[in-house]
Amino acid sequence: MTDDVIEGKTEESLFRRAVVWLVGSRLAGTLIAQFLLVPSAVVIVGVANVW
């Protein structure tokens, strides 16, 4: 897509929008993973104690 912007095949605003979405989705995924980390660890410990 970067090459397309340089060659004029794609608008720069579309490229910027795509970059914002990529960064935003990565940030959202990281935050969701952090919120799921502790509850998941508690479940794993609970299951391990049963066995």
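The values are calculated or read from the model by the stated rules, or taken from the named source; none is laboratory data. Just so it is clear, the structure is predicted and the values come from calculations on it, not from any experiment. The area values use the complete protein model at the heavy-atom level, side chains included, leaving out ligands, DNA and RNA. Shrake-Rupley method; radii C 1.70, N 1.55, O 1.52, S 1.80 Å.
Let me spell it out: the conditions are (1) open to solvent by 70 Å² or more (accessible area, probe 1.4 Å); (2) not in a helix (DSSP H, G or I), and residue 42 meets all of them except one. Which number is the exception?
Result: residue 42 fails condition (2) only.
Could you check the range 15-40 and list, in sequence order, the residues that are aliphatic (A, V, I, L, M) and at pLDDT 95 or above?
First pass over the range 15-40, keeping only residues aliphatic (A, V, I, L, M): 18-20, 22-23, 27-28, 31-33, 36-38.
Answer for the range 15-40, where residues must be aliphatic (A, V, I, L, M) and at pLDDT 95 or above: 18, 19, 20, 22, 23, 27, 28, 31, 32, 33, 36, 37.
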